[in-house]
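Notes for the one structure printed next.
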Amino acid sequence: MAAPPSDPVHGTVRRGAWVITAFWLLLLGLLYAGFDQVEQRRTAALQAHAGSGGELVIPRGPDGHFRVDGRVNGEPVSFLVDTGATSVTVSEALAQRAGLRGGQSVTFQTANGVLPGRVLHQVPVQAGHLALPGVTVAVGMVGKPPELALLGQNFLSRYDIQMLQSEMRLMPR
């Protein structure tokens, strides 16, 4: 025979189940908030920032690469710093979003073979807080996400570069 709902033992068991459930929910919420804070700090530590001398400080990512947010012709982009690339290089999709039309048709010799593309001159490029009003931009990068671009030597060579173990610094001349 089932105990009537007004039975004190039955009420205590129900309250105990609610207290245990509330305890675990609170504990899980606190763990989530704590891990979220740790992840936010880790992500912030990987963001490029202006140094005290006006330099752009780019932390090395966990994969060993240097990345910095920027803009090409005003369009937001995530740059992969590529000291081996001759020029700033973007995908056709990014070029279209940035309004980069026309240009000179070229054939690129890459590590992955020959690729068709085009080159545009006098394009504004910004990496972090550093901006150049007229940079040559190559269009034709393939195999990477469309929001990713390469920050090549035609931008990098206009700054003094200091490589440290955990960061790269681009210093205005």
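The values are calculated or read from the model by the stated rules, or taken from the named source; none is laboratory data. All of these numbers come straight from a predicted model, not from anything done at the bench. Glycine also receives a Cβ, built like all others from the backbone with ideal geometry; neighbour counts cover every protein chain displayed.
Checking R118, R101, R71 one by one, the residue that is charged (D, E, K, R), surrounded by fewer than 21 Cβ atoms within 10 Å (Cβ to Cβ) and under 20 Å from the mean Cα position of the chain (by Cα) is R71 and no other. The set of residues from the range 121-143 being without any contact (Cβ under 8 Å) to a residue 60 or more places away in the chain, surrounded by 15 or more Cβ atoms within 10 Å (Cβ to Cβ) and at negative phi comprises V123, P124, V125, Q126, L132, V135, T136, A138, V139, M141. Look at the range 85-106: where a residue is assigned by TED's automatic domain parsing to the domain that holds Q126 and in a helix (DSSP H, G or I) and a partner is loosely packed, with under 14 Cβ neighbours inside 10 Å and not charged (D, E, K, R), sitting 6+ places away or on another chain with Cβ atoms under 9 Å, you get E92/V142. For the range 45-56, the set of residues classified as of a type in the set (A, V, I, L, M), over 11 Å from the mean Cα position of the chain (by Cα) and farther than 21 Å from V135 by Cα consists of A45, A50, listed by residue number.
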